[in-house]
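Each reported figure results from applying straightforward, stated rules to the coordinates on display, with no laboratory input. Remember, predicted model here, so these are calculated numbers, not experimental data. When we count neighbours, we look across all protein chains shown, and the Cβ atoms used for this are built from the backbone with ideal geometry, even at glycine.
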Amino acid sequence: MYHYLCETFNVLRNYLPDELDNSAKYEFDKNEYLKKYCPNGDSDKKCETDLDKIKAGFLCLFEQIIVNNIDDLSKEQAKAFIIYIMIWFNYMLNLKNVNDINNLNDFYIKYTENNTDYEYCKTDGIDCGSALKDKTGYNNFKEFIEANKFLLNIKFEDASKVYDSFKLLCNMFYGVNVANPNSEEYLRIANQFVEKYKELNGYSDITEDSPYYQVLSTLSNDYNNIKNECRACQSSNFPTLSTYSRRSVIKNTLISIAFIFALVSIFLGIAYK
């Protein structure tokens, strides 16, 4: 399923590039899967703006990756894949500099709350809400978003770093099936991912309630899944991820304790005088 996940994103990039200096290889409205989610036009829908295309790509990714494969996804995969789709969406809104949208929460309030497209879950005309609920605990995409609003509060600049990490994971997954996954190029990609992860893991405000905690956990789990699938990756040369550390929480706690002791000392000194 990881191959299908990554390949679906790769296909979408041909119609909606995720880098400013890249142009689309194909016309967006020529893809019927994307076009049906375009909002404009009566009988012939058309995406006229970047936001139209991003919204259409967002819904298409959900249908192609989640809805059409719901029976084949594990519970962990379904939740992780939805997180990656939302990270892509956040990243693309930032890349295209969409006006009046500062984060996913802004988008949700303006475009999603009253939009029935996000309540859709049908495959081959059959309602897949029960299967989706079994895998994720939610009946549709909208319910998942509402229950996981931590993803809506990730800053755009941080979403870019997470998205880059996801792309590196996909590059690593493709390398699992090559003849020599321990090649210099493959190890270079793995090391790049580890460095990106360390950078994200180094934020001082990460707590279990922060929007980054579950994202880091998802990236870490999928990195280790890929590593475990690749026997040759078990060598000592293959980089390992540092476990999530509470160093920032501990540091802040120690600072707070030291500050309290200082205040107490000052207070006692004044009282003594």
Quiz item: For Leu95, what is the net charge nearby, where nearby means another residue's Cβ is under 10 Å from its Cβ and Lys, Arg count +1, Asp, Glu -1?
Solution: -2
Practice problem: Neighbouring Cβ atoms within 10 Å as the yardstick, rank Glu208, Glu7 fewest first. | Solution: Glu208, Glu7
Quiz item: So which trypsin sites (Lys or Arg not before Pro) in the range 8-83 pass both tests, a DSSP loop state and at most 15 other Cβ atoms within 10 Å of the Cβ?
Solution: Lys25, Lys36
Self-check item: Cross-link pairs beyond the 23 Å C-alpha cut-off, checked among Lys155/Lys198; Lys46/Lys167; Lys55/Lys79; Lys53/Lys167; Lys133/Lys161
Solution: Lys46/Lys167; Lys133/Lys161
Quiz item: Around Leu216, what is the net charge, scoring Lys/Arg as +1 and Asp/Glu as -1 over all other residues with Cβ under 12 Å from its Cβ?
Solution: -1
Exercise. For Glu208 paired with Ser183, estimate the spin-label separation in nm (one decimal), with each label point 7 Å from Cα along the Cα-to-Cβ line.
Key: 4.3
